[in-house]
Each structure stands twice: as structure tokens, then as C-alpha cells.
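To start, the structure under review is shown below, and the notes come after it.
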Amino acid sequence: MVMRYRPRSLSLLARGVTVLLAMAVASAVAADETAAPLGKKVTLGIPSSAGGGYDGYSRLLARHIGRHLPGNPTVIPQNVPAGGGLVLMNQLFNIAPRDGSYFGMVRTSTLYEELYKNPAVKFEGRKLTWIGNLNSDYDTCITWNTSGIKSVADLYTREVVVGSAGAGAMSASMPMIYNKFLGTKFKVILGYTGTQQRVMAMETGELQANCGFTTVTLRATGGQPFRDGKLVILVQGGMTKDPEFPDIPNMLDEAKTPEARAALEFVFLQGELGRPYAGPPGLAPDIAARLRAAFNATVKDKAFLAEAGKLKLDIGPMDAAAVDKSIARLYATARPIVEKVGASMAHDGG
């Protein structure tokens, strides 16, 4: 059975994205319109439930950025997980107060939803007030050391069975994109709901490899098998290499045609913009400057960096200018490339 690609959050329309948006706004972003910009309270929207990676990074930022904002306001984290981040983005773009009292983390996948023309999108990513990015992600394809797969060359000469929770997950989309644009021979088997389940399946030989593991995930959750060399990184995927793995080949260098390279760059930009933050469109220049200056100061703050280290959260910041540049590059992707990448995410069963 062939499943055609569609944006992951499209099915949420039936559940009333507009209603969820209104509910979220009512509880989260009410601001005292008479207060001076960046008053006593600033709300930081988080596009996920409590406890995950997006939440961990954002709560870390919230605990420290207030010291670098005028008046040292209390920064209140507020989880808005509905719609896979779309509700928060629609809220940020259309309803959030524009006095500096509200900003949020952006799930970069929501920007792709705009490019895929998801009708639930009610924002324009290029018009947001970009503040900065806490870190970049680098995808990997990994294997178990007894699989017989020794190098990236093996991905082209034999069928390599990988697992994934579902067709929309990176663990499925990345190998399918590699098949389409590079000619690899991945076979994606759905139904592996968790990271550890896929790792165990590699250990038993049920799966030969897996993609969709970021280097951050491997360092944080790979555990003893990764440290012992049983879990082996075959390749990484990113606009650049993870500095900690300079000798691991980058799939971007496997692109043999301009089209293939453009497609991979389009996909890998999502990793480059791993944890970005933005304010509503149309912020006054002085307010935008304060938020950006506070972000830049926070990512150099010794207390912030010390806590990030304790939490095993990698920090590799980008300032607003660098984020703007990456955003512009994402939206400049040629329409045929966007459409071909979307089409390549069809799954042929298994």
C-alpha cells in the first residue's frame, strides 16, 4: 500500500485548530496593555508538552534570560503543544502582544508546513521577529557493530532495513529522501514506536540500521552501547558536520547533482535551525533589539552554560542575523524541490 505524503499536522484540522488557538491565547498571553515594554512578566511559549527536548531548552532559557532583560522580569514558560507547534505559531503571529512581553520557540517543522501549503497555517515565517537559536541538530544513520555495514558505500549496494514509528517521522523521511535523491537502498519498516525499541532491534539483527537519530540524542541517550562502540555512526546529515564528529562523512557530500544537493540542503536546514526563538511580527526596533541582546548575553552567561552542562543540553547558538539568513535560504528553495521532497516521503509499506 502506498501512503502519499501529507504534512503531519494536517489531520489536526478536524479537531479545531482555531478553537485550540483561542483557548491557548486566553490562558497564556494576556498582557497589561498599559505596562511598559518588557515589564514585570514575559511569557515564553513552548511548542511541546512538558518534559521533552523543546521544553527542556526553553525552561532553561526562561530561568536565565530575565537577568538580561530591562527590569529583570520574571519569564514564565507556557506550553502550547497543540497542532505540533502550529497553534503556538498562529498565536505568535496573529494574537500575541507586540510589546515584548511574549516570545516563543519555533518548531522549524512548522515552517515546512507553510511551504507545503498546509491550510492550518495562519502565519508567515519570514515576517516573525527572529531572536536567536540555541543549537543545531545533525541527523545520523547508525548501525550495530555486527551488522556487516561498514561504510556509506554499503548503503548503495545492499538493501538496508531501518525502522520508524510512522511515515511522517524523520526516521522514515530521511532514508526515503536519501533513496530518492542519492540512490541508496533503505527499506523502511513502520511500527517501531521508540528509540530504544529500534536500538534493540539492531542489536538482535532485526534491523540493519536506523536513521533519524541526532547526534544530540546519541550523546544524551545512546548510553553504554554508544560509548562502547557497539552503536556506530555510519553517516551524518547536516548543512555542516557536527564538530564532535569531524571524521564521519556527511550525506550532503554524497549529492551528485545540483537537484540532489538542493533537496538535501532544504531538508538539513531544519536541523540547522534546531531551537530557534521569535517574537511577533512588527515589534518596535528597540524592543526587538532588547530581546536579541538579552538572548546573546544569556548564551554567554556562565550560570546558563553551567546548568546546560548539568542537563546535558548542547548549546551552539546563532544570533538573529544568522537565523534570518537561514530562514531566507529555506524560503528561497525552488518550488519543484519542495514538491519533490514532499513526494519522496511516500511509503511503500512493509
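The values are calculated or read from the model by the stated rules, or taken from the named source; none is laboratory data. Since we're looking at a predicted model, the values are computed, not measured. With ideal geometry, Cβ positions are generated from the backbone for all residues, glycine too; neighbour counts draw on all protein chains shown.
What to note about this one:
- With respect to the conditions (1) modelled with pLDDT under 95; (2) in contact with a helix residue (DSSP H, G or I) (Cβ under 7 Å, 6 or more places away or on another chain); (3) farther than 21 Å from Thr195 by Cβ; (4) not small (Gly, Ala, Ser), Tyr138 falls short on a single one, namely (3).
- Among residues of region 273-330, those that are in contact with a helix residue (DSSP H, G or I) (Cβ under 7 Å, 6 or more places away or on another chain), farther than 18 Å from Tyr54 by Cβ and basic (Lys, Arg), counted: 2
- The criterion of at least 1 residues that are closer than 30 Å to Ala308 by Cβ and in contact with a Cys (Cβ under 8 Å, 6 or more places away or on another chain) is met by the following strands (runs of 3 or more DSSP E) wholly inside region 156-242: 209-214, 231-237.
- Screening region 116-169 for residues that are closer than 15 Å to Met105 by Cα and aromatic (Phe, Trp, Tyr) and picking the one that is surrounded by the fewest Cβ atoms within 10 Å (Cβ to Cβ) gives Phe123.
- Selection within region 223-239 - touching a helix residue (DSSP H, G or I) at 6+ places or on another chain (Cβ under 8 Å) and free of Cβ contacts under 8 Å to residues at least 24 places away in the same chain: Phe226
- Evaluating Lys300 against the criteria (1) at pLDDT 95 or above; (2) out of contact with any Phe, Trp or Tyr (no Cβ under 8 Å at 6 or more places or on another chain); (3) surrounded by fewer than 17 Cβ atoms within 10 Å (Cβ to Cβ); (4) in a helix (DSSP H, G or I) leaves one unmet condition, (4).
- In region 334-350, the residues that are part of a helix (DSSP H, G or I) and either in contact with a Leu (Cβ under 6 Å, 6 or more places away or on another chain) or at pLDDT below 95 (or both): Val338, Glu339, Lys340, Val341, Gly342, Ala343
- Checked against (1) over 22 Å from the mean Cα position of the chain (by Cα); (2) crowded, with 17+ Cβ neighbours inside 10 Å; (3) polar (S, T, N, Q), Thr333 meets all criteria but (1).
- Which numbered condition Ala169 fails, given (1) in contact with a helix residue (DSSP H, G or I) (Cβ under 9 Å, 6 or more places away or on another chain); (2) hydrophobic (A, V, I, L, M, F, W, C); (3) under 19 Å from Arg261 (Cβ atoms): (3)
- Within region 97-154, the set of residues being closer than 29 Å to Gln78 by Cβ and of a type in the set (Val, Ile, Thr) comprises Val106, Thr108, Thr110, Val121, Thr129, Ile131.
- For region 67-83, the set of residues classified as crowded, with 21+ Cβ neighbours inside 10 Å and small (Gly, Ala, Ser) consists of Ala82, Gly83, listed by residue number.
- Residue in region 273-296 that is on the phi > 0 side of the Ramachandran plot and touching a residue at least 24 places away in the same chain (Cβ under 8 Å) present: yes
- Condition check for Ala263: in contact with a helix residue (DSSP H, G or I) (Cβ under 8 Å, 6 or more places away or on another chain) and not acidic (Asp, Glu): yes
- Flag for Ala263 being within 19 Å of the chain's Cα centre (by Cα), assigned by TED's automatic domain parsing to the domain that holds Leu190 and of a type outside the set (Lys, Arg): yes
- Top-ranked residue of region 253-281 - restricted to ones that are of a type in the set (Gly, Ala, Ser) and modelled with pLDDT of 95 or more, ranked as farthest from Ala334 (Cα to Cα): Gly279
- Restricting attention to region 90-105 and to residues that are farther than 9 Å from Gly45 by Cβ and not basic (Lys, Arg), the residue that is surrounded by the most Cβ atoms within 10 Å (Cβ to Cβ) turns out to be Gly100.
- Scanning region 303-333 for residues that are part of a helix (DSSP H, G or I) and either basic (Lys, Arg) or not assigned by TED's automatic domain parsing to the domain that holds Thr74 (or both) turns up Lys310, Lys325, Arg329.
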